[in-house]
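The values are calculated or read from the model by the stated rules, or taken from the named source; none is laboratory data. Since the model is a prediction, treat every value here as computed from it, not as a measurement. Using ideal geometry, Cβ is built from the backbone for each residue, glycine included, and neighbour counts are taken over all protein chains shown.
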Amino acid sequence: MKQIKYYLIPLTIFFSIVLAQEETTEATAPEETTEATAPEETTEAAVPEETTEAAVPEETTEAEEVAPMDSAATDSANAEDALTMEEEVEEIVAGPLAGFSFGAAPSIGLVSGGTFTNVPIGATVVITTPWVFKMGPLDFTISAAFGGYAGEYDSEKDDDFIGSAQPVEKFNPTIMGIGGNLTLAKLVFAEGHAGMVGSGPGVRGFAGVSLEYLMKKGLNLPVNILVGGEGFISTDMAGAGNPSGWGGLGVRLDYDF
């Protein structure tokens, strides 16, 4: 009996150890499962967050890249439209009279030849072209002149007339000539035209001071005023083969197109 007791004691201890190990395994198994699944859930939740964070900057970057391209295209289109409008405006402004100027020059006669007893009074219209040639410091511009004047001859007022008094003879000399003007520093000018004066060939001259700088640069006006002396000479003033002429003070107003 004592030997049986000795065998029972180790067996009892062995089974106790086995049962203790099984209880320990059952108690720890849920904890390990929980610990294992917990990181999996955390990992699955973290993945969409990282993906969302990464996608946001990409979309923002694409929008930022597209915006400058759209802005540049819009600016380019606006610039092209503005250039087209400017060209159309220039075409409208640059009409058939662009660069030409028209001027009217009334003349107050001061002296005259023997053909006149009263100094002719009238006006000359000058058409200035845009064709300019440089002659050193001078600018030579081609122009044309047309005018009409009223004159008369009264034998009673002519101290050199010999004989009985004659009726007053009235005649109106006309001016037609082509020439040009020379301008120095847009201040001093000299103008001349050759053509018909009265009934024969003749010349017209006009020289003085130009107020172009003041009128256009200072006052920003499309006009110019010229003041000076004006003279006319003809080889046949009245159609009787009598060369003559007259001169006076001229003031001209030019309008630029």
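A few comments on the model shown:
- The set of residues in the range 207-244 that are over 24 Å from ALA150 (Cα atoms) and among the hydroxyl-bearing types (Ser, Thr, Tyr) comprises SER210, TYR213.
- Those residues of the range 184-226 which are touching a helix residue (DSSP H, G or I) at 6+ places or on another chain (Cβ under 8 Å) and either among the hydrophobic types (A, V, I, L, M, F, W, C) or in a strand (DSSP E or B) (or both), in sequence order: LEU187, LEU221, VAL223, ASN224, ILE225
Per-residue answers, yes or no, for (1) modelled with pLDDT under 90; (2) touching a Lys or Arg at 6+ places or on another chain (Cβ under 7 Å):
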residue	(1), (2)
TYR153	yes, no
GLY198	no, no
TYR213	yes, yes
LEU226	no, yes
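- Residue count for the range 145-173, restricted to those that are among the hydroxyl-bearing types (Ser, Thr, Tyr), without any contact (Cβ under 8 Å) to a residue 40 or more places away in the chain and surrounded by 14 or more Cβ atoms within 10 Å (Cβ to Cβ): 1.
- Selected residue (only one of PHE189, PHE257 is modelled with pLDDT under 85, closer than 17 Å to ILE127 by Cβ and touching a Ser or Thr at 6+ places or on another chain (Cβ under 7 Å)): PHE257
- Only one of LEU110, LEU138 that is in contact (Cβ under 8 Å) with a residue 12 or more places away in the chain and over 18 Å from TRP246 (Cα atoms): LEU138
- Candidate set: the range 211-247, residues that are surrounded by fewer than 16 Cβ atoms within 10 Å (Cβ to Cβ) and among the small types (Gly, Ala, Ser); chosen: the one farthest from THR183 (Cα to Cα): ALA240
- Of all residues in the range 100-151, those that are in a strand (DSSP E or B), touching a Phe, Trp or Tyr at 6+ places or on another chain (Cβ under 6 Å) and over 23 Å from LEU182 (Cβ atoms) total 6.
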